[in-house]
Amino acid sequence: MHISQRTLHIPTSPIRKLAPIANRVEKTKKIYHLNIGQPDIPTPESFFKGVASYHPKVVAYGKSQGDAKLLEGIRKYYAEWGMDYAIDDIFVTNGGSEALSFAIMTTCDPGDNVLMFEPFYANYKSFTGAYNVEIQGVPTSPDTGYHLPDQETVESYITDRTRAMLITNPGNPTGVIYTREEMDMLARIALKYDMTLIADEVYREFVYDGEYTSFGMLHELDDNLVLIDSVSKRYSACGARSGCIITKNRDLQQELLKCCQARLSCPNIEQLGAAALYSTPKSYWEEVKKEYTKRRDTIKACLAAMPGVISSDPKGAFYVMVKMPIDDTEKFAKWLLEDFDIDGETVMITPGNGFYASDVNRGQDEARLAYVLNTHDLEKAMHILAEGLKVYPGRK
Ligand SMILES: *Cc1c(COP(=O)(O)O)cnc(C)c1O
């Protein structure tokens, strides 16, 4: 039987690659998981009330564009952020993941490429690979906190097949929040080359210092902007599989509707749950933010105390990218699992290499840490990491 080159070329998720080892080790050791961005905050009760309200006579297909209540919930949520979207601008998707697939499918042809700033969310390789679209990686560096290079440098990566830029803000895996100057620069480039700017803002609320600007607030971009959104991280509801894609571009809207129609509809039950989530009171956010700010402060302090470790200055999302004085973070991650523990406990980290596309050797001494543990566990995990770094045989 033939298997397509297209899927054969999609790499295994770097986040899941070490999972078989972890599963084996977990029988005898406790593992603190700094490797996966699964929030531990309880999902708001409203979700379950929304889900329980579903009891039709027939479980029929929903509307392809999305459930009316959910669309209205999303519209209102954006209005509260000062972004004025009409119902027609919004399409409900199976998570932000399907929104990303739709964005690539509708803006790029096979052989086209998308600019991404490295390190980037590793799953982007799957969304592009599935459509034979290439990634044009623009490197950023731990030494400059993973901020963007200047306009001239960014433009030097653009080819006549570059159709879009895809950016995560706040960043996964870096935790970086781009400055208004950086955002304005990307907007200028998008307009100059008439490219689509795909802004993945699933971490919009996870901002720990200062204000957040959405690309949706830069009105000059309206016709070239696609927003990717999701309830997964915002409401700690990853399993609800509910996201959306938003654009004011009328031509693109028609194509997006075709994509939605081809998969008929999203699940009815989850949409009712997601609709209820969108009326979650702001106080929920104050609590969540307080907790994550504490975690961010904890991990930042722990990293600062580790000699030779350079990290991004995490300001948003719940990740930090670190450069460590070792030979190879994949080897180190395996070693931490198999050959190291303190009183029967160890940590799991995600090797940095998978977050790069331009060069196979990039990110080899970098790793992503997710601070989705309570501060007590986080301190323990960071202590184990620090001690491991001191005695790891591949230390430089
Ligand atoms: C988690 C995540 C998504 C999408 O998650 P869904 O669960 O499919 O909504 C998209 N982009 C980034 C950067 C993420 O971290």
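The values are calculated or read from the model by the stated rules, or taken from the named source; none is laboratory data. Just so it is clear, the model here is predicted, and its values are computed rather than measured. Here the Cβ positions follow ideal geometry from the backbone for every residue, glycine too, while neighbour counts run over all protein chains shown. The accessibility values were calculated without ligands, DNA or RNA, using every heavy atom of the protein model including side chains. Shrake-Rupley method; radii C 1.70, N 1.55, O 1.52, S 1.80 Å.
Here are some notes:
- The label-point distance for residue 30 and residue 345, in a model that sets each label 7 Å from Cα toward Cβ, rounds to 0.5 nm.
- Check: segment 327-375 dipole with +1 on Lys, Arg Cβ and -1 on Asp, Glu Cβ, in debye: 280
- Calculated FRET efficiency for the pair residue 143/residue 179, C-beta based, R₀ 22 Å, to 0.05: 0.80
- Spin-label pair residue 160/residue 287, simplified geometry with 7 Å Cα→Cβ offset, distance in nm: 5.8
- Counting charges near residue 19 (Lys, Arg +1; Asp, Glu -1) among other residues having Cβ under 13 Å from its Cβ returns a value of +3.
- Full extension of the chain between residue 19 and residue 391 yields a length gain of 131.6 nm, computed as 0.36 nm times the residue separation minus the alpha carbon distance.
- Of the peptides 205-213, 346-354, the ranking by mean beta-carbon count within 10 Å, highest at the top, reads 346-354, 205-213.
- Neighbours of residue 29, meaning other residues whose beta-carbon lies under 15 angstrom from its beta-carbon, give a summed charge of -3 when Lys and Arg score +1 and Asp and Glu score -1.
- Mean-position separation - Cα centroids, segment 226-302 and segment 332-396, in angstrom: 29
- Mean Cα-pair separation over length for the chain, i.e. relative contact order, pairs under 8 Å, 6 or more apart, %: 26
- Bins of 10 Å from zero: percent of alpha-carbon pairs in the chain: 5, 22, 32, 26, 13, 2, 0
- Close amide H contacts of residue 350 (hydrogens built in the peptide plane, cut-off under 5 Å, sequence separation of 5 or more or a different chain): 368.
- Spin-label pair residue 4/residue 279, simplified geometry with 7 Å Cα→Cβ offset, distance in nm: 4.2
- Relative contact order (%) - criterion: Cα under 8 Å, at least six apart; region: segment 228-363: 11
- Computed [θ] at 222 nm, helices only, for the chain once each DSSP H run of length n ≥ 4 contributes -39500 (n - 2.57): -11000 deg cm²/dmol
- When a 1.4 Å probe is rolled over the protein heavy atoms, the share of accessible surface on segment 75-218 that falls to carbon and sulfur comes to 45 percent.
- Long pairs among 69/192; 248/323; 233/323, criterion Cα-Cα beyond 31 Å: 69/192; 248/323
- Working note: Debye formula, equal point scatterers on the alpha-carbon atoms of segment 262-396, no solvent; log10 I(q)/I(0) at q = 0.22 Å⁻¹ is -1.29.
- Considering only alpha-carbon pairs that sit under 8 angstrom and 6 or more positions apart, the relative contact order computed for segment 311-396 is 36 percent.
- Over 30 Å apart at the Cα level, from the set 30/290; 57/125; 30/331, are 57/125.
- Counting only Cβ charges, +1 for Lys and Arg and -1 for Asp and Glu, the dipole size of the chain around its Cα centre is about 1240 debye.
- FRET efficiency, residue 193 to residue 331 (Cβ-Cβ, R0 41 Å, nearest 0.05): 0.50
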